[in-house]
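The values are calculated or read from the model by the stated rules, or taken from the named source; none is laboratory data. From a predicted model like this one, the values you see are computed outputs, not experimental measurements. Here Cβ is always computed from backbone atoms with ideal geometry, including for glycine, and neighbour counts include all displayed protein chains. Heavy atoms of the whole protein, side chains included, go into the accessibility calculation; ligands, DNA and RNA do not. Shrake-Rupley method; radii C 1.70, N 1.55, O 1.52, S 1.80 Å.
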Amino acid sequence: MSSPKFYTFSFSYFTYFSVLALVVPFLALFLDGRDFNSREIGELLAIFTATKIIGPTMWANAADKSGNLKGIIQLGSLLALLSFSFLFFVQSYWPIAFVLAVFSLFWTGIQPQLEVMTLASIRRSAHIYARIRLWGSIGFIITVTLAGEVLVSYHSEAFVYMGWFILLALFVSSCLLEQKAKATAKTTQVNEEIWGRLKEQSFVLFFIAGLLLQLSFGVYYSFFALYLRDLGYPSISIGLFISLGAVAEIGIFIIAGKLYQLFGPRILLAFSLLVTALRWYLTGNFADSALILFAAQLIHAASFGLYHTASIQYLQQHFTVRQQNRAQAIYIAGVYGIGGALGAYLAGVFWNNGQGATLTFELAAYCSLVAGLLILFMREKQRC
């Protein structure tokens, strides 16, 4: 892979995950600043997340028909930027819900196409993919650290200004990508082939486990920043604790290719899920201890970094090249869409303006524990 192409893909991951670093941890903080209660915040985050159920599939269909992955990424980036801009003007519940839903609909179409385009360009090399994806973690670290300080110390409305400029950078990065050739898939044939693979026991267990993991992440994505603020942590430490997880990811992404060759997806996925259960239990019961919270956040290397890398490689192994767009879309729609929306909504219900914090994190721990046990029943296939 040539250096210019490596840099352009790395820049795209950097900007995409910079958006993620602002929106996922701090959208609840922004909504709290606009005087919504925890249940309303959970509902708004559920609406925001639920668009992943239809967004990735819609964009995958467009990519299959046109073969123009770069064009899909550019269009999604531009429309995400334009729709996000309306947050400058809307204030009440339903207008904000609509804007967040539309923004998410466009934004969620970007990552699956970027993943497929990247893997195709690097010939599905786990080593190079990990190096490119590492830049996503770097973007996340920088943005989440700065955003935590700005939003907590100054004003939550800075969320909109920061988001607009990062989305503009994401659009610019999409214009720099290169796609060698366009190819359209034979959709009917791919559909017929893919359903057989979707019904295999290994994939069903993998899918349910991923859904449970995302459900468990609902409390973290929705209320972790507010949780630390309410526990009395200084503003700079909130961003640093969140970024700590991304720092831990970097080491994992560097060695992820080697770990995959040594252990395969089943062991890595099960390990990630089981230690994530421990992470949520520690966070819910001992977060007032900075040392224990530090250790819990380091587990993010497994609960997100290692799990994500192993999941991508599992999907590459389980589905053929012509099925990748559709497989990514189905996985994101079901796992991140349904699981994420349910997780956000239930977190808002159980959180009870902070009084149910411990219970909510313990329920998340149970979800991760069950998910890890399910993965152990997967049948290991011959690795590619």
Burial order of peptide ranges 30-41, 154-165 (average beta-carbon count within 10 Å, highest first) | 30-41, 154-165
With a sphere of radius 15 Å drawn around the Cβ of ILE238, what net charge do the other residues whose Cβ falls strictly inside it have (Lys, Arg +1; Asp, Glu -1)?
-> -3
Accessible area per residue in Å² at 1.4 Å probe, computed on the chain = 40
Relative contact order, percent, the stretch 133-288 [alpha-carbon distance under 8 Å, six or more residues apart] | 49
What is the extension gain from ASN37 to CYS175, computed as 0.36 nm multiplied by their sequence separation minus the C-alpha to C-alpha distance, in nm to one decimal?
-> 45.7 nm
When the helix-only estimate is applied to the chain (DSSP H runs of n ≥ 4, each -39,500 (n - 2.57), divided by the residue count), what is the mean residue ellipticity at 222 nm, nearest 500 deg cm²/dmol?
-> -26500 deg cm²/dmol
Here D for the stretch 219-280, in µm²/s, from Stokes-Einstein with a Kirkwood Rh over Cα pairs at 37 °C and 0.692 mPa s, works out to 240
Normalised contact order of the chain, rounded percent, pairs of Cα under 8 Å and 6 or more residues apart | 30
Which of these, ILE110, ILE332, ILE255, has the largest mean-square fluctuation under a Gaussian network model of the chain (Cα springs below 10 Å)?
-> ILE255
Over the stretch 10-137, what relative contact order in percent results from Cα pairs under 8 Å that are six or more residues apart?
-> 39
Full extension from ALA120 to SER92: what is 0.36 nm times the residue separation minus their Cα-Cα distance, to one decimal in nm?
-> 5.7 nm
Full-stretch length increase - LEU376, GLU200 - with 0.36 nm per residue and alpha-carbon distance subtracted = 61.8 nm
If one builds a Gaussian network model of the chain from Cα atoms under 10 Å apart, the most fluctuating residue listed among SER12, SER202, SER272 is SER202
If ligands, DNA and RNA are left out, what is the accessible area of HIS300 with a 1.4 Å probe, given in Å² to the nearest 10?
-> 20
From the P(r) of the stretch 1-87, can you give the percent of Cα pairs sitting at distances over 23 Å?
-> 38
Leaving ligands, DNA and RNA out of it, report the carbon-plus-sulfur percent of the accessible area of the chain at a 1.4 Å probe.
-> 67
Sorted by average packing, counted as other Cβ atoms within 10 angstrom per residue and highest first, what order do 71-79, 259-267 take?
-> 71-79, 259-267
After finding the eigenvalues of the alpha carbon gyration tensor for the chain, what semi-axes result from the square roots of 5 times each, listed largest first in whole Å?
-> 30, 25, 20
Peptides 216-223, 52-59, 80-87, 193-200: what's the order by average Cβ count within 10 Å, highest mean first?
-> 216-223, 52-59, 80-87, 193-200
Lys pairs, the chain - Cα-Cα below 21 angstrom, 8 or more residues apart or on other chains = 14
